[in-house]
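Here is the structure we will look at.
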Amino acid sequence: MRTPALTALGWLLASLVAPAAAQEQASGLSAQALRFTVANAEFTLMHEMGHLLISELGLPVLGREEDAADQLGFMGLFLLHDRQHDATFYAKLMDVADYWRLEWRNAERNGDGIALWDSHALDAQRFYNIACLAYGSDPDRLDWVLDVSGLPAERALYCPEEYQQVAHAVRWLRERLHPPAPGTPRHRIAVVYDDPPSHLADAAALQQKIRASGELEAVARKASEAFDLPRDLTLRMTTCGAPDAWFNRISGELTLCYERVAYFRDLAAQLPAERAPQPTR
Ligand SMILES: [Zn+2]
C-alpha cells in the first residue's frame, strides 16, 4: 500500500505545526487538521509565488491579479506534488476550498467579510472557484466534490473547461519562460528565518527544525532554476503580529508569517462542523 505522499514542503510545514509525532499527539492535532494546515500553508505560499512571478517576470494578466494568483497557486499545488495525484492530494485540494468556506461562514457570523470594492474575490467566490477547479481537474474521480461543496450543476458543467483553460495558460507560460542558460549568472531567492512568535512553545527548537530541514530553500531553488529571475529575491518566514502573507514588489520580498500557519491550525478545529465525509477511494 502506498503511504500518503507528503512533499518536502509538506514535511517542513508538518514539522512547524507538530515538531514530532509525540508532540503531535500531545497537541491533539488530528491527521485531518494537520493535512488542512499543511495544504493551506502550501496554497498560501504558491499564491504569493504567483504574485512574485507575475511581478518579476512581467506576466500579462487578464482579469484581476488576485484571481490569477489563486489560479497560479492552485496549479502550483499540482507542480509541487508532481504526479502524486492520489486521494490524499485531492482531499488537500478540498482543504483549500474549505478554508475559504470557513472564512465565508465566519464572516457571515461576525459581519466582517471582504468589502465589495476589494481587489480579492469574496470568500464565497474563492470557495466555489477552487472547488470548481478541483472538480474540473479530474471530473471522473472527483464527482464527490460536487456533493461536499454543493457546487450546482449550472457551474459544474463548465468546470472541466475552466480547469483546462487554467492548465493551458500555465503550460503556455512554462513553454515560453525559459530557465537561465547554463553558465550564465542566475538570480536566486534567499530564504531568511526571523524569530518565531515568542508565545509559541518550543520556539527555538521549532526554528532549528525548520532551518535544518532546508525545504523552503528547496522551493526557492526550484523557482530560480525554472525561471530567469531579473534580480535576487527573498523568501522570509517571520513574526508579523497577524496571520498574513504577501509579496512586496518593491523590495522583492515574499513574506510568510508564522501566525498564518498557526491560524490555519486553529481554524482546523472548526472543520468537523463544516467538513463532509472523506472520499472513500
Ligand atoms: Zn494575493
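The values are calculated or read from the model by the stated rules, or taken from the named source; none is laboratory data. None of the values given here were measured: they were computed from a predicted structure. Cβ sites come from the backbone with ideal geometry, for glycine too, and all protein chains shown count toward neighbours. Note: areas computed on protein heavy atoms with side chains; ligands, DNA, RNA excluded. Shrake-Rupley method; radii C 1.70, N 1.55, O 1.52, S 1.80 Å.
Taking the condition of being in contact with a strand residue (DSSP E or B) (Cβ under 8 Å, 6 or more places away or on another chain) and either open to solvent by less than 40 Å² (accessible area, probe 1.4 Å) or more than 16 Å from the ligand (Cβ to nearest atom) (or both), how many residues in region 209-240 meet it? Residues meeting the conditions: 18. Close Cβ contacts (under 8 Å, 6 or more residues apart or on different chains) running from residues in region 48-77 that are over 21 Å from residue 133 (Cα atoms) to residues that are near the ligand (Cβ under 10 Å from one of its atoms) and not in a helix (DSSP H, G or I) comprise 52/247; 55/247. Do the conditions hold for residue 171, that is, is it more than 23 Å from residue 265 (Cα to Cα), under 20 Å from the mean Cα position of the chain (by Cα) and of a type in the set (D, E, K, R)? Answer is yes for this residue. Among the residues here, residue 53 does not qualify as more than 21 Å from residue 173 (Cα to Cα), within 15 Å of the ligand (Cβ to nearest atom) and either open to solvent by 30 Å² or more (accessible area, probe 1.4 Å) or touching a helix residue (DSSP H, G or I) at 6+ places or on another chain (Cβ under 9 Å) (or both). Being within 15 Å of the ligand (Cβ to nearest atom) and open to solvent by 30 Å² or more (accessible area, probe 1.4 Å) narrows it down to one residue among 105, 64, 109; which is it? Selected residue: 64, the only one of 105, 64, 109 that is within 15 Å of the ligand (Cβ to nearest atom) and open to solvent by 30 Å² or more (accessible area, probe 1.4 Å). Apart from one condition, residue 73 fits all of (1) more than 15 Å from the ligand (Cβ to nearest atom); (2) part of a helix (DSSP H, G or I); the exception is (1).
I need the helices (runs of 4 or more DSSP H) fully contained in region 88-158, keeping only those with at least 3 residues that are not charged (D, E, K, R).
123-137, 143-149
Residue-by-condition table, conditions (1) modelled with pLDDT of 95 or more; (2) touching a His at 6+ places or on another chain (Cβ under 9 Å):
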site: 4; (1), (2): no, no
site: 10; (1), (2): no, yes
site: 18; (1), (2): no, no
site: 36; (1), (2): no, no
site: 49; (1), (2): no, no
site: 70; (1), (2): yes, yes
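Scanning region 241-265 for residues that are buried (at least 16 other Cβ atoms within 10 Å of the Cβ) and within 15 Å of the ligand (Cβ to nearest atom) yields 243, 245, 247, 253, 254, 255, 256, 257, 260.
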